[in-house]
1. Of all helices (runs of 4 or more DSSP H) completely enclosed by the range 183-278, which ones contain at least 1 residues that are under 25 Å from residue 74 (Cβ atoms) and without any contact (Cβ under 8 Å) to a residue 12 or more places away in the chain?
2. Pairs only if they're at least six apart or on different chains, beta carbon under 6 angstrom, first in the range 21-32 and acidic (Asp, Glu), second in a loop (DSSP other than H, G, I, E, B); list them, first residue then second.
3. Could you tell me whether residue 232 is on the phi > 0 side of the Ramachandran plot and modelled with pLDDT of 95 or more?
4. Take residue 97 and tell me if it is in a strand (DSSP E or B), out of contact with any Asp or Glu (no Cβ under 7 Å at 6 or more places or on another chain) and not β-branched (Val, Ile, Thr).
5. Here is a list: 228, 168. Which entry is buried (at least 19 other Cβ atoms within 10 Å of the Cβ) and touching a strand residue (DSSP E or B) at 6+ places or on another chain (Cβ under 6 Å)?
6. Please count how many residues of the range 43-102 are buried (at least 21 other Cβ atoms within 10 Å of the Cβ) and aromatic (Phe, Trp, Tyr).
7. Considering each residue of the range 76-93, count those that are out of contact with any Ser or Thr (no Cβ under 8 Å at 6 or more places or on another chain) and part of a helix (DSSP H, G or I), and give that number.
8. If the requirement is being over 21 Å from residue 158 (Cβ atoms) and not assigned by TED's automatic domain parsing to the domain that holds residue 103, which of these qualifies: 225, 209?
Amino acid sequence: MKKLLLATAATALLAGAAQAEEVKLGIFIGFTGPIESLTGHMAAAAELAMKEASDSGKFMDGSTVVSARADSTCAIDTAAGTAAAERLITAEGIKGMIGGDCSGITGAVLQNVARPNGMVMISPSATSPALTTAEDDGLFFRTAPSDAREGEIMADILVEKGVKSIALTYTNNDYGKGLAEAISTAFIAKGGTITINAAHEDGKADYSAEVAALASAGGDLLVVAGYLDQGGKGIIQASLDSGAFSTFGLPGGMVGDNLPASIGPALDGSYGQVAQSDSAGAAILTEMGKTAPPPSMRPRPIRWNPTMRRR
């Protein structure tokens, strides 16, 4: 099974850093794109950890840790995201990369940027099962479980709720395909029925055709394996507007404050799951976050493409 982050990975992350110096880590996540309402908090949490290490005075004989942010676009623009990752290495001189966030851009950068440059990547949220077996030269780690596990959890929840059949739609990329397959396989194994398993594209203004197909297939509820700031939200809104579905199953990419804020009370009664911890360490992080500057006050990332100069 692909490695999750271990304590010993910290030494690999900072390999090559000299003593008593400024160590720069890249934060490579989608500050724009389909989960942009989540990534400000992800970056802020990483920078809070960097500040704690620096303020302690105990890191590498007084060395400090600083960040350089870059926009992965969450695979909306793979060329721009890949160029941004390259610039973190060549122009910013990072010693390790936190990211990517979405599975597609993470896989692309792992193969085309990280491996050729011997750069360690630690992703907080790339969950595609394909990353488990990807060639990584020992450079890729992630702290979120594979969607192979989330599919099992989703199926367990559906069965506990008494759901017998679902319509399933997924965002048409590595993340969505892997998650939809995991959900479908696990739910069928538990005796459930998938009435339809259909992809949707992000960035559309109208999802009425997709919702019509889902409604025609029917099901006890609609499972939306998408993104809360993009097509997933659009599918839900179109379903509510047309009366096709009123209850939704929501995997991790759909869980965040922005979705209920956008949809409103009509989302009441829907449910899902997200990977998180109830450990003592997680409680400490939550308390620390209450006194940290909000993400909106943090520096904006530079989005690079091959025609841009360093700013």
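The values are calculated or read from the model by the stated rules, or taken from the named source; none is laboratory data. Every value quoted in this text rests on a predicted model; they were computed, and no experiment measured them. Here the Cβ positions follow ideal geometry from the backbone for every residue, glycine too, while neighbour counts run over all protein chains shown.
1. In the range 183-278, the matching helices (runs of 4 or more DSSP H) lie at 208-217, 258-263.
2. Correct list of pairs: 21/63.
3. no
4. When the stated conditions are applied, residue 97 passes them.
5. Only one candidate qualifies: 168.
6. Looking only at that region, the number is 0.
7. Adding up the residues that qualify gives 9.
8. Of the residues listed, the single one that is over 21 Å from residue 158 (Cβ atoms) and not assigned by TED's automatic domain parsing to the domain that holds residue 103 is 209.
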